[in-house]
Every structure is written in structure tokens, then in C-alpha cells.
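Enquirer: Following this message is one structure expressed as C-alpha cells.
The values are calculated or read from the model by the stated rules, or taken from the named source; none is laboratory data. No experiment lies behind these values; they were computed from the predicted model shown. Cβ: placed from backbone, ideal geometry, glycine included. Neighbour counts: every protein chain shown. Ligands, DNA and RNA are stripped out before the accessible areas are found, and what is left, the full protein with its side chains, is counted by its heavy atoms. Shrake-Rupley method; radii C 1.70, N 1.55, O 1.52, S 1.80 Å.
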Amino acid sequence: MEDREISDILIRWYEENKRDLPWRRTSDPYLVWISEIILQQTRVVQGLEYFNRFTERFPNVAALAMADEDEVMKYWQGLGYYSRARNLHAAAQQIMNDFDGVFPRTREEVLSLRGIGDYTAAAICSFAYRLPYATVDGNVFRVLARLFDIDLSIDGGEGKKYFTALAQSLLDERRPDLFNQAMMEFGALQCVPKSPDCECCPLNGKCLGLAARRVERLPVKSGKTVVKPRYFNYLYIHGQGMTLLSKRMGNDIWRNLYEFPLIETERAVTWEELSGMAVFQELFDGIEKVEITREYVAKKHVLSHRVIYPVFYEIRVDSFSESMGKYLKVSDNRVGEYAVSRLIQSYLEVRDGLLF
């Protein structure tokens, strides 16, 4: 099988079938970087809207570096995997400090930036600078596994090394940008995960997986993510025109996002059980009037390695206790200005829509 022939077929297919996307019309490494980070865990349709909004507010490295982290997180709100936004902000500051505000041009320098790994570095270097580095993402794994009928696990160290070397061997070094885009687009539109249309595939005569009737079984994954249930009891406490918010800290999900005061329990609990807990009673100690106006059991919220079972309690108070001093007190009409998780945002939308 001629490597050059495969790359030529893929590039021809790409030029005829590619989607018109803004990050494909530029060689600006900053814009390429932003698009790649957004698309790591996001579908193109959703990512396009965020890319346009994010780059309009932060059009270059300097604008992003100088922004407040809370504002960056607000513009990222709804995309999930919020460490991506924190890393973008930190890396922009790193570029300003270590590279005099100029986006680095070598693979080694790009890799030194916060949150950038082998795939993203290869993408930036090939798309912005046309350097000969193959990009290997989920789409590329799938195309290669089927095309060469490879049953090595794509989530194991050996498999990743093998597929990376294979992609590099196929790379058209004259047109690394086009080849990498073609490989990823081919996996996204043609060699899709379920029920690909192999009859109209331009590589069907060369596909070993198709010949062996193994397309639907490739690529192979061995690892299984352990999903842990968590039980969140949110206290939406407000009164005197103010609402209490808390900023999530530590090494946990949604770090640096805002939420209502939270009591996490090991299992689902009733209101009677929750209000009888010492942490709850301490929070409301000394308040004369505590009115429970609404209880809302939200749908379970599924993350990659967690399933959140949330309950929201809307609580109106006539004053705020000393224990509540550790929370941020925000005007009711300004709650929407703070970056929150999709779970909190969904609750606010339901509440504002009076859908209880």
C-alpha cells in the first residue's frame, strides 16, 4: 500500500468535502490554539459558537492574558472541562512573560505551554507553521485502526505509540496542514464511529478492516472508566435582595466556578435528614426566620467519571448568620454574571422560566 497514494486520496477528499470553519481560514497560531482546545471535548457545532464569542472578546494573547480569570471562566461557561479555560489563561500569561507576547514557533516551545500536549502541539505547528508533525486524535485512531486492521488498544501506551508512528509515516510533509486536517475530517464525516458508509468511501479498496469485516469492531479500547455517584444538596439562600454564592476550590470538578452553598452527602437524603445535620444547623444558627420556599430534584448530571444526583432547596432568610460570612454575598440581579457549572445554569434557567 503506497503511503503517498493514501495521503493524496485523503487530501482530495478533504478539498471536496471539508466544512467551512473559521479556524481553517487562518494560520494565526493563537486562533488555531483556541480552536483546538475548544474542540478537544466539544462537538464542532457547539464549539463554533464558543470560538466566535471567545475570540471576539479575547482576540489575541495579550487580551486573554490581561483578563480576569473569572471573566475567562464566564466566557467558557457551558463548555465543561473547565481546566481547559484555566490552562488557556495561564498559558497566555506564560507567552507574555516567557516569549515577549509572541506565540512560540517550535514544537518544544509550544509543548512548554500550560495545558498543551503532543496532539495540540502537533496541530498548532502543522496548521500555523506547516511543520511536519502528525496529529493523532480520536478520529485519526479510528481511521488508522480500520484502514490497517489494527487491534492494538488505542487507550494503552503501546497502542498510542504505534498509531502515532503510523500517522507520522503517512504524513505528507509537503502539505502537513492539509493532511492532518484531512485525516481528522475524514474520521469526523466519513469513517464515523457507528455504521460508516463504506460503499462510498474513497479508501474502501485499501481498507483492511473492511476486507476482514471488522470495521464495526475497530478501534479497540480496553480501559473502562469507573463512574462514581455523588449526592449534592444545594442551598439557594437569599434574602434582603442578596444571594449567597461559593467559589469551588481545591482539586475537584468545576474548580474556580461559582455555585450555591453545598452540602455533599454519601447517599441521597431527605430534607429532614439534611436539616438535622450539624453543618446545616450551624449555617442557619441565629437566624430568626428561615423559609423553605421550594425543593427541586434535578435530573442526574453525568460527567465522564462522575454522576451527580442534585437537589436544590430554595431558602429565604431575613438575615445572614455569622457562619454565612464565608460565602460571597451577591445582588440577586447579578448572579448571572458569575461563571457557574452547566448544572447550576440549568437550575437557574428552570427557575427563571417558572418551570417548577
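Enquirer: How large is log10 I(q)/I(0) at q = 0.15, 0.16, 0.23 Å⁻¹ when the Debye formula is applied to the Cα atoms of the range 258-354, each weighted equally and without solvent?
Expert: Log-scaled intensity ratios, in q order: -0.71, -0.82, -1.60.
Enquirer: Continuing with the same structure: For the range 127-185, what does the alpha-carbon gyration tensor say about shape, rounded, prolate or oblate, given a ≥ b ≥ c as the root eigenvalues, a/c under 1.5 as rounded, and a/b over b/c as prolate?
Expert: Because a/c hits 1.5 or more and a/b exceeds b/c, the range 127-185 counts as prolate.
Enquirer: Also, quick follow-up: So if R0 is 22 Å, what FRET efficiency would Arg213 and Leu189 give, r being the distance between their Cβ atoms, rounded to the nearest 0.05?
Expert: The pair Arg213/Leu189 has a calculated efficiency of 0.45.
Enquirer: Run the accessible area of the range 128-188 with a 1.4 Å probe and give the carbon-and-sulfur part as a rounded percent.
Expert: Heavy-atom surface of the range 128-188 belonging to carbon and sulfur, 1.4 Å probe: 51 percent.
Enquirer: Sum -39500 (n - 2.57) across every DSSP H segment of at least 4 residues in the chain, then divide by the residue count to get the 222 nm mean residue ellipticity, nearest 500.
Expert: About -12500 deg cm²/dmol.
Enquirer: Report, in degrees rounded to the nearest 10, the 0 to 90 angle that the Cα long axis of helix 342-352 makes with the longest principal axis of the chain.
Expert: Orientation of helix 342-352: about 50 degrees from the principal axis.
Enquirer: To continue, here is another question. How large is the convex hull of the C-alpha atoms of the range 1-58 per residue, in Å³?
Expert: Once divided by residue count, the hull of the range 1-58 is 111 Å³.
Enquirer: May I pose another question? Are any of the pairs Lys194/Lys299; Lys74/Lys329; Lys160/Lys206 more than 20 Å apart by Cα-Cα distance, and if so, which?
Expert: In this structure, Lys194/Lys299; Lys160/Lys206 exceed 20 Å between Cα atoms.
Enquirer: Distance between Cα centroids, the range 96-117 to the range 148-205: provide it in whole Å.
Expert: About 28 Å separates the Cα centre of the range 96-117 from the one of the range 148-205.
Enquirer: Summing +1 for each Lys or Arg and -1 for each Asp or Glu, what net charge is found among the other residues whose Cβ lies under 11 Å from the Cβ of Arg230?
Expert: +1
Enquirer: A further question follows. As an exercise, find the ratio Rg/Rh for the range 40-181 from alpha-carbon atoms, using the Kirkwood inverse-distance average for Rh.
Expert: 1.00
Enquirer: Evaluate Rg over Rh across the chain, taking Cα atoms for both radii and Kirkwood's formula for Rh.
Expert: 1.06
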